[in-house]
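No value in this document is a laboratory result; all are computed from the given coordinates. Predicted model, so just to flag it, every value in this text is computed and none were measured. Virtual Cβ from ideal backbone geometry, glycine too; neighbours counted across all protein chains shown.
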Amino acid sequence: MDFSLTDDQRLIRDTVRQFMDAEVRPTIRARDRAETFARDELRKLGEMGFSGMLVPEQWGGSGADTISYVLMLEEVARVDAAMAVALSVTNSLAAYPIYMYGGEAQQRKYLPRLAKGEILGAFCLTEPQAGSDAAAIAATAVRRGNAYLLNGTKSWVTNGGEAGLYLIFAKTDPGAGARGVTAFLVEPSFPGFRVARYEDKMGLRTSRSAELALADCQVPAENRLGEEGAGLKIALELLDSGRVGIAAQAVGIAQGALEASAAYAKQRRAFGKTIGEFQAVQWMLADMQMEIEAARGLVHNAAWMRDQGATKIGPAASRAKLYAGEMVNRVVYKAVQIHGSLGYSRESDVERMYRDARVISIYEGTSEIQRLIIARDLLRASGEAGSPSHREAVTSRGGRA
Ligand SMILES: Cc1cc2nc3c(=O)[nH]c(=O)nc-3n(C[C@H](O)[C@H](O)[C@H](O)COP(=O)(O)OP(=O)(O)OC[C@H]3O[C@@H](n4cnc5c(N)ncnc54)[C@H](O)[C@@H]3O)c2cc1C
């Protein structure tokens, strides 16, 4: 087993690290306070090829492997978790589905603009009454000639109000339950599309989370993504790889918190010593590093499986997302503890990281839902030869991904 990064992977990691330290770190605290969306910074990262990493060069993407993709997200989140979620959604929940499930006209129209950072993407599944229970969405889509009319409310839309393209899920056959959901590519200029309001959040204050109101929103029939009724299957397949990205975001936040804590422990003095000389603080730092490495291993394993063409990375992605999402909350708790009162102040970065980390065990499937996916898989697998991960790794996915 080879854990080393290739030259290309190292180059991507170092390029993003340099960009984030030079261009984002100096303004991050002020932007968080003012809740300023990082529009220009995201566009620059898009121009550098980081908005379409999972899309081939033919469509303007960089055709990178998944390990490179998670390295990019980790480096972005190490400095700015809100930018990481904007990129994660654009890459894996907007550009990738168009490549994977879209027709050629849709790919030609939207992929180059997404992949080059001209526009951001958004993924709209959640509704006020339907989060974990995605089949309970109530938005409807009714065919009228060459268009569909979409009606309903979408909530917690990341990049809402900023995105140039929204992947919206609505029911074309409300009586068919999970099989009645269809996916649509919606531009914000389509009649009947409106951003109703923005969420006032605990963390990720510079990320936009919008509620969308769809009132007879006219979507050309050619903007349906996939077949009628295939929407929920598409959404759940996308979330499998999306979760690997969110787990990488968690590792990035935790790494940033560890670096800030180690630096502070070497500088802050108490009782005639630096606090890093106290065993209690050393133990916290050691546990933080150990947990981050463990999470990074799960993330890279899931990413590696995807690169090997594994048919089913869902349970591996869920293990990475579950562990990393809970790990980052333990790590930022300790980071604030090591910083003492400064950690409770908005003058420190770890205060922001503490708030930003909290959502990781909630979005793209809560920790409880990840446990359901993992348990369901291991119970199904019990009695069969080989461990679940072994079987996932050796089956070939085929298709275009
Ligand atoms: C900052 C942010 C950004 C987001 N971005 C997006 C986005 O871009 N697009 C999008 O579509 N959505 C987005 N979401 C929504 C997010 O995916 C949902 O919040 C999440 O799926 C959980 O749904 P819920 O909030 O309705 O919680 P619920 O589903 O109401 O769950 C509430 C509690 O019940 C538990 N629970 C529910 N069902 C079960 C079960 N079967 N077994 C055990 N426990 C259960 C949950 O784990 C949780 O603890 C975002 C959310 C946030 C906070």
What shape does region 205-353 take by its C-alpha gyration tensor, where a ≥ b ≥ c are the square roots of the eigenvalues and a/c under 1.5 counts as rounded, a/b above b/c as prolate, and the rest as oblate? oblate
Over all directions, region 93-194 yields a Cα convex hull whose mean projected area in nm² is 6.7 nm²
Taking Lys321 as the anchor, which lysines have their alpha carbon closer than 18 Å to its alpha carbon, excluding any fewer than eight residues away along the same chain? Lys312
Rank the residues Leu378, Leu322 as a footprinting-exposure proxy: fewest other Cβ atoms within 10 Å of their Cβ go first. Leu378, Leu322
Kyte-Doolittle cut-off -0.5, length cut-off 30 Å along the helix's own axis using Cα: show which whole DSSP H helices in the chain pass. 231-267, 279-307, 314-339
Based on other C-beta atoms within 10 Å, arrange Asp356, Asp377 from fewest to most. Asp377, Asp356
Taking only Cα atoms and a 10 Å spring cutoff, compute GNM fluctuations for the chain and point out the largest among Gly49, Gly325, Gly252. Gly49
Near Lys44, which lysines are there with a Cα under 17 Å away, not counting those fewer than 8 places off in the same chain? Lys116
Cross-link partners of Lys334 among aspartates and glutamates (Cα-Cα below 14 Å; sequence separation of 8 or more within a chain): Glu259, Asp287, Glu291, Glu326, Asp349, Glu351
Exposure proxy order (Cβ contacts within 10 Å, fewest to most) of Lys154, Lys334, Lys266: Lys266, Lys334, Lys154
Which of Glu364, Glu57, Glu347 moves the most in a Gaussian network model of the chain with Cα springs under 10 Å? Glu347
